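No value in this document is a laboratory result; all are computed from the given coordinates. From a predicted model like this one, the values you see are computed outputs, not experimental measurements. Positions of Cβ are backbone-derived with ideal geometry, glycine not excepted, and every protein chain shown enters the neighbour counts.
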Amino acid sequence: MKQKYLILKNDENNELIIREFAEQSKEMFLLICNEIYDSKIIESSMAIDKQHLISALRTRNFYPSEIYADKIAESVMAVYGAENNQPVELLIDDAALLAKTREELKTVADDIKKEVVELDVDELLEDEFDEDFNDADVVKKNCSIKIADDEPHDDNVDSEKK
């Protein structure tokens, strides 16, 4: 699916307008969202960083994905950076974007495969214990609970109290 964004700055009303269109049929686009922003908010968000601008652009009705939002934010910065007040048209094709993302993931997977270290399973399973090892020594050293032999434990005492 193709989406088109028309980004224009209206200096008369001190606002930014973003119109989102979705492809209805071949090269025929349908308006699905029209958002109007106060230019002061957009300019102050741009002064901080791109992530703040993206947060300012996202609304209840207009919430593009991170990839789209990044491209839209770049276009908004271009509109505010340009001296002429020309609108910017941004066309995004999901199929091309997904193919590019798939290629990037494949490259990352190939890089990870190259870095994998081969392990010798037989070497991992070899016993490397000391011949002087004694189980009783471990129990004596690690045991912190002492049981008194002269105090008998009677389960019936608790049942009589109830």
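Compute log10 of I(q)/I(0) for the range 2-95 with the Debye formula, placing one identical point scatterer on every Cα and leaving out solvent, at q = 0.10, 0.16, 0.24 Å⁻¹, to two decimals. Taken in order of the listed q values, log10 I(q)/I(0) reads -0.24, -0.62, -1.35. Hey, how many Å between the Cα centroid of the range 40-110 and the Cα centroid of the range 1-21? Here the answer is 13 Å between Cα centres. Could you sort out which of LYS9/LYS71; LYS9/LYS50; LYS9/LYS40; LYS26/LYS106 sit more than 23 Å apart by Cα distance in this structure? Pairs exceeding the cut-off: LYS26/LYS106. Compute the signed sum of charges (Lys and Arg +1, Asp and Glu -1) over the other residues within less than 15 Å, Cβ to Cβ, of SER39. Summing Lys/Arg as +1 and Asp/Glu as -1 gives -4. In the range 2-95, a dipole from Cβ-located charges (positive for Lys and Arg, negative for Asp and Glu) runs towards its positive end, and of ILE7, PRO87, SER55 it is SER55 whose Cα lies farthest in that direction.
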